[in-house]
Amino acid sequence: MGFSQTLLVYFVVSIHLGVSQHYLRLRPSPSEHLPVPDLKEDPDPEYDPREQDMPERTLRKKLGSNFDHNFMSISSPMMVNLSVQDTQMKMQGPMPNEIKKLDLAETPYGKRVKLGKKARRKFLQWLWTYTHCPVVYTWKDLGVRFWPRYIKEGNCLNERSCSFPEGMVCKPVKSITKTFLRWYCQGFLRQKYCTWIPVQYPIISECKCSC
């Protein structure tokens with residue numbers, strides 16, 4: 001199931017420089033591409049917030065209950081990944097019903113095979129581990145024009161095929177949305193007006209083995 005079916009919407013930030021006006025536009029756009037690609041920023045530091053524009057107490061108050069320390073950080077966090085081994089060992093949630101309810105005693109041609117409870121349990125555990133699609137979280141620096149500046153993004157592990165036989169890969173099927181503050185400027189150079197505005201940022205929260 002693609003994200004077009006879930007009507008997932010995220011904000012794409014684009015910058016347009018005109019003859020008499022410099023402005024940043026936030027445009028809602030449906031997308032099947034997560035995590036969000038790096039944004040193309042105007043490199044001119046004139047459009048960066050200054051130190052006096054970033055009082056932590058004021059920005060925390062502005063963001064309010066949307067501040068989630070599990071997914072955002074003001075200062076640079078440890079930029080580390082969960083290892084593949086650690087991620088696969090920590091299976092997320094209960095065993096899926098489609099695996100748990102598999103009838104391993106019946107072959108595709110109707111022939112019955114004997115399989116003990118212990119052997120069946122071990123095989124289902126192996127199958128779940130093999131087809132499991134964990135979300136690997138990594139910290140990403142969004143740059144000085146976002147507050148908090150650091151976000152913990154989710155990615156689907158795709159170092160190998162997740163199906164047996166091979167062919168399918170892990171793809172995102174669910175996401176959560178976090179609200180950040182974005183430094184927003186209108187106008188041109190000394191005539192510009194800048195302020196912090198809330199924007200939503202989608203993060204992959206669940207992956208599934210899919211075609």
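The values are calculated or read from the model by the stated rules, or taken from the named source; none is laboratory data. Small disclaimer: the values here were computed from a predicted structure and weren't measured. Quick reminder, even Gly has a Cβ in these numbers, built from the backbone with ideal geometry, and neighbours come from all protein chains shown. To get the accessible areas, we keep the full protein, side chains included, count just its heavy atoms, and leave off ligands, DNA and RNA. Shrake-Rupley method; radii C 1.70, N 1.55, O 1.52, S 1.80 Å.
The simple spin-label model puts a point 7 Å past each Cα toward its Cβ; for residue 205 and residue 40 those points are separated by 3.1 nm.
Computed with every protein chain present, the accessible area of residue 144 is close to 50 Å² [probe 1.4 Å]. Remark: region 155-203 carries 56 Å² of accessible area per residue (probe radius 1.4 Å; ligands, DNA and RNA excluded). The label-point distance for residue 128 and residue 114, in a model that sets each label 7 Å from Cα toward Cβ, rounds to 2.7 nm.
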